[in-house]
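So the structure is just underneath, and the comments pick up after that.
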Amino acid sequence: MSLRIVVTVKYVPDATGDRHFAEDLTVDRDDVDGLLSELDEYAVEQALQIADEADDAEITVLTVGPEDAKDALRKALSMGADKAIHVEDDDLHGTDAVGTSLVLAKAIEKAGYDLVISGMASTDGTMGVLPALLAERLGVPQVTLLSEVSVADGVVKGRRDGDSASEQLEASLPAVVSVTDQSGEARYPSFKGIMAAKKKPVQSWDLEDLEIEADEVGLEGSWTKVDSATERPARTAGTIVKDEGEGGKQLAEFLVGQKFI
Ligand SMILES: Cc1cc2nc3c(=O)[nH]c(=O)nc-3n(C[C@H](O)[C@H](O)[C@H](O)COP(=O)(O)OP(=O)(O)OC[C@H]3O[C@@H](n4cnc5c(N)ncnc54)[C@H](O)[C@@H]3O)c2cc1C
């Protein structure tokens, strides 16, 4: 039987662009360019490698996000995933991590899965909690923060590297794993991959499709609330030391003044 792999991928605001909060203190996702979270590229890569090793495997990439989040799905499809699911609904606006995990879990259950692969954290929220929340909601084992992962005979195995030791972990399928940025360079989509992605199926689901009520998600259904947010002050100009014979001394005085030395 085919190994069904679901990879969760997030569409995030481009960190090199100008990012803002909207009036309701949610991240402004409408007026910014976005992209597939870089850390989720590693999850797609590991799924592709596991699928290569398996006799028969199918990779579905899944995102919860606005219309433009399709760009993240296209990128994952052009890397080699087989099909995509986009969950989009106006009532999702303001959904926090707990709500997002509900939506993702319902979508994963509806899609059918043996293995869920997530990134270690998104590059915007960076909470790193979604894989654990997903495993809890799905009622399956979680093996997180793997820098090496493989699947054989209905078991997922992996290595988690800590500061002082590396652990070898395994869990029976179905399971949720997350992979780190040490798991292996993510491939670039080839021209052939980009062209093929245009023809791959992208399914769209809304909350009704997932039998989720509007008050379970959105700002109203969220367990967390942002009370206030202030923009970080603009960076001030640095101090330039011109070396006219006294440069070294001035540099040392500057560092002493800043308590660096
Ligand atoms: C339109 C929209 C509005 C939102 N508004 C808010 C808000 O107002 N307040 C708030 O707290 N949160 C909001 N969220 C949710 C938030 O962006 C995160 O998805 C969620 O809080 C998880 O936190 P994180 O990104 O830190 O996840 P992490 O736990 O850091 O993510 C780990 C992994 O989980 C997966 N993942 C995470 N999010 C998604 C996703 N959306 N789709 C697919 N895979 C995912 C990825 O594989 C990722 O690498 C919103 C999301 C969307 C799409």
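Would you pick out the residues in segment 42-51 that are within 14 Å of Leu115 (Cβ to Cβ) and open to solvent by 30 Å² or more (accessible area, probe 1.4 Å)?
Gln49, the sole residue that qualifies.
Given the condition within 12 Å of the ligand (Cβ to nearest atom), within 15 Å of the chain's Cα centre (by Cα), under 28 Å from Asp24 (Cα atoms) and without any contact (Cβ under 8 Å) to a residue 24 or more places away in the chain, answer yes or no: does some residue in segment 116-126 qualify?
Yes, segment 116-126 contains a residue that is within 12 Å of the ligand (Cβ to nearest atom), within 15 Å of the chain's Cα centre (by Cα), under 28 Å from Asp24 (Cα atoms) and without any contact (Cβ under 8 Å) to a residue 24 or more places away in the chain.
For Gly65, are the conditions met, namely being out of contact with any Pro (no Cβ under 9 Å at 6 or more places or on another chain), open to solvent by 30 Å² or more (accessible area, probe 1.4 Å) and either within 26 Å of Gly193 (Cβ to Cβ) or not β-branched (Val, Ile, Thr) (or both)?
no
In this structure, does Thr95 turn out to be surrounded by 20 or more Cβ atoms within 10 Å (Cβ to Cβ) and in contact with a Phe, Trp or Tyr (Cβ under 8 Å, 6 or more places away or on another chain)?
Against the criterion (surrounded by 20 or more Cβ atoms within 10 Å (Cβ to Cβ) and in contact with a Phe, Trp or Tyr (Cβ under 8 Å, 6 or more places away or on another chain)), Thr95 does not qualify.
Being near the ligand (Cβ under 9 Å from one of its atoms) and open to solvent by 40 Å² or more (accessible area, probe 1.4 Å) is the filter; apply it to segment 22-41 and report the residue that is farthest from Ala121 (Cα to Cα).
Step one: list which residues in segment 22-41 are near the ligand (Cβ under 9 Å from one of its atoms), which gives 22, 24-27, 29, 37, 39-40.
After this cut, where a residue has to be open to solvent by 40 Å² or more (accessible area, probe 1.4 Å) as well, the list is 24-25, 27, 29.
On the way: Asp24: 24, Leu25: 21, Val27: 17, Arg29: 18 Å.
Filtering first and then ranking leaves Asp24.
Are there strands (runs of 3 or more DSSP E) fully within segment 162-261 with at least 2 residues that are free of Cβ contacts under 8 Å to residues at least 40 places away in the same chain? List them.
Strands (runs of 3 or more DSSP E) meeting the threshold: 166-172.
Which of the residues belonging to segment 96-106 are out of contact with any Ser or Thr (no Cβ under 9 Å at 6 or more places or on another chain), near the ligand (Cβ under 9 Å from one of its atoms) and under 12 Å from Leu138 (Cβ atoms)?
Ser101
Being under 19 Å from Gln46 (Cα atoms) and surrounded by fewer than 16 Cβ atoms within 10 Å (Cβ to Cβ) is the filter here, so list the residues in segment 133-162 that pass it.
Ser150, Ala152, Asp153, Gly154, Val155, Asp161
For segment 203-261, give me the residue count where each residue is within 23 Å of the chain's Cα centre (by Cα) and among the polar types (S, T, N, Q).
So the count comes out to 4.
Looking at segment 77-89, is at least one residue over 17 Å from the mean Cα position of the chain (by Cα), modelled with pLDDT of 95 or more, open to solvent by 10 Å² or more (accessible area, probe 1.4 Å) and farther than 25 Å from Ser183 by Cα?
Yes.
If the requirement is being on the phi > 0 side of the Ramachandran plot, of a type in the set (Asp, Glu) and open to solvent by 100 Å² or more (accessible area, probe 1.4 Å), which of these qualifies: Glu211, Glu220, Glu170, Glu231?
Of Glu211, Glu220, Glu170, Glu231, the one residue that is on the phi > 0 side of the Ramachandran plot, of a type in the set (Asp, Glu) and open to solvent by 100 Å² or more (accessible area, probe 1.4 Å) is Glu211.
The values are calculated or read from the model by the stated rules, or taken from the named source; none is laboratory data. Nothing here was measured: the structure is a model prediction, and the numbers come from that model. A quick note on method: Cβ atoms are made from the backbone with ideal geometry, for glycine too, and the neighbour counts reach across all protein chains shown. Ligands, DNA and RNA are excluded from the accessible area calculation, which covers all protein heavy atoms including side chains. Shrake-Rupley method; radii C 1.70, N 1.55, O 1.52, S 1.80 Å.
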